[in-house]
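Comments concern the structure below.
The values are calculated or read from the model by the stated rules, or taken from the named source; none is laboratory data. Note that this is a predicted model, so its numbers are computed, not measured. Here the Cβ positions follow ideal geometry from the backbone for every residue, glycine too, while neighbour counts run over all protein chains shown.
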Amino acid sequence: MAVPHTSAKSCPTCGALADFIEIENQDPPPDGEVAKTFPAAVRRLQPPNPDIERLYRHQCTRLLACPDCDTYYRYDTWTPGGSEDCFNTYVHEAVRRIGALQTLELLRQTLADTKGSAERGFASDQADYEFASKVVGVQLERLKSKKDEILSGLLERLERPRDPGTPQVSALLRQLEANRVRDAEDLALMLVHGEPDEVPVPILRRTVELLADPNPELRAKIRDAAVQALLQVTAGKAREVFRGRRDLARGDATLEEMAGRRGTGRSAAAKEGSGKDPTRRRRRSPGARGGRKS
Ligand SMILES: [Zn+2]
């Protein structure tokens, strides 16, 4: 689990809240019983923007944030099925503190779900998807301020030891490995997004360690990102240094060509050396991929 935003614990509004709070109420409440409620601090949490609230209006999940320290919280409500007591309905509600990485993933999942509905072809769903893309885009932009926290969260997952002695079915192992490759891809995208030279050295060092990961697909993601980041940081100089170095890149492309291909597809223009900052063309938003497929 990713480490929550560090300022949460000292926050006067939400600092005293536990990481996870759950309440259960019978619906309707039995005679003479008062429904349980969350601590007052939970009621001070707000949707991070009004559009987000609209996005989650039909869902059992909501994204909330502390207005004072910008820590994110996830609210869920559910009614367990197959209850041992089928004559009564119990409603569960839970609020949990989530880190920036989990927030990013929740937003992406929301977008992916909306996209799935839109692809089934109803016009209203298409409109919902367009709305969701806009709203999630705004929120992802705000999450950029927590980029280092997201990178650390991804690294923690990738560095987590996997116990080879545990008897696992091969399908599960393949799934876990696929998740790691996906995390590595996210790490790579986050790393080259914005200003790679502002990423703290300890994070870069941990990322470089992944170049020794046993999974070749994962190594390739990290290597591509490292090359991409290097090209961005060194801008025009890199072109001079790496020109023609096919030996360092994949067999079928020079590093220079790779950088162009992974960008906006305008590598030819970049190669002309138009004098403009070439890094501008290569920036891509982690949200631009739409939701992740699961
Ligand atoms: Zn707070």
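One line per residue, one yes/no per condition, for (1) surrounded by fewer than 16 Cβ atoms within 10 Å (Cβ to Cβ); (2) farther than 18 Å from A100 by Cβ; (3) of a type outside the set (S, T, N, Q):
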{"site": "L173", "(1), (2), (3)": "yes, yes, yes"}
{"site": "L176", "(1), (2), (3)": "yes, yes, yes"}
{"site": "M190", "(1), (2), (3)": "no, no, yes"}
{"site": "E198", "(1), (2), (3)": "yes, no, yes"}
{"site": "Q228", "(1), (2), (3)": "no, yes, no"}
Would you tally the residues in the stretch 79-101 being away from the ligand (no atom under 13 Å from the Cβ) and either free of Cβ contacts under 8 Å to residues at least 12 places away in the same chain or not hydrophobic (A, V, I, L, M, F, W, C) (or both)?
16
Among the residues of the stretch 106-125, is any without any contact (Cβ under 8 Å) to a residue 40 or more places away in the chain and basic (K, R)?
yes
Can you spot a residue in the stretch 111-118 that is closer than 17 Å to R62 by Cβ and surrounded by 19 or more Cβ atoms within 10 Å (Cβ to Cβ)?
yes
So in the stretch 9-56, with the set limited to residues that are of a type in the set (K, R) and out of contact with any strand residue (DSSP E or B) (no Cβ under 8 Å at 6 or more places or on another chain), which one is farthest from V95 (Cα to Cα)?
R54
Matching residues in the stretch 43-72 (of a type outside the set (G, A, S), touching a helix residue (DSSP H, G or I) at 6+ places or on another chain (Cβ under 9 Å) and under 18 Å from E141 (Cα atoms)) number 13
Criterion violated by D76 - all others in (1) of a type in the set (D, E); (2) in a loop (DSSP other than H, G, I, E, B); (3) more than 15 Å from the ligand (Cβ to nearest atom) satisfied
(2)
Suppose we keep only residues that are over 19 Å from the mean Cα position of the chain (by Cα) and within 16 Å of the ligand (Cβ to nearest atom) within the stretch 41-65. Which one would you say is surrounded by the most Cβ atoms within 10 Å (Cβ to Cβ)?
L45
What single numbered condition from (1) surrounded by fewer than 19 Cβ atoms within 10 Å (Cβ to Cβ); (2) farther than 21 Å from R62 by Cα fails to hold for F131?
(2)
Taking the stretch 1-35 and the residues there that are modelled with pLDDT under 90, within 16 Å of the ligand (Cβ to nearest atom) and assigned to a loop (DSSP other than H, G, I, E, B), the one that is surrounded by the fewest Cβ atoms within 10 Å (Cβ to Cβ) would be V3
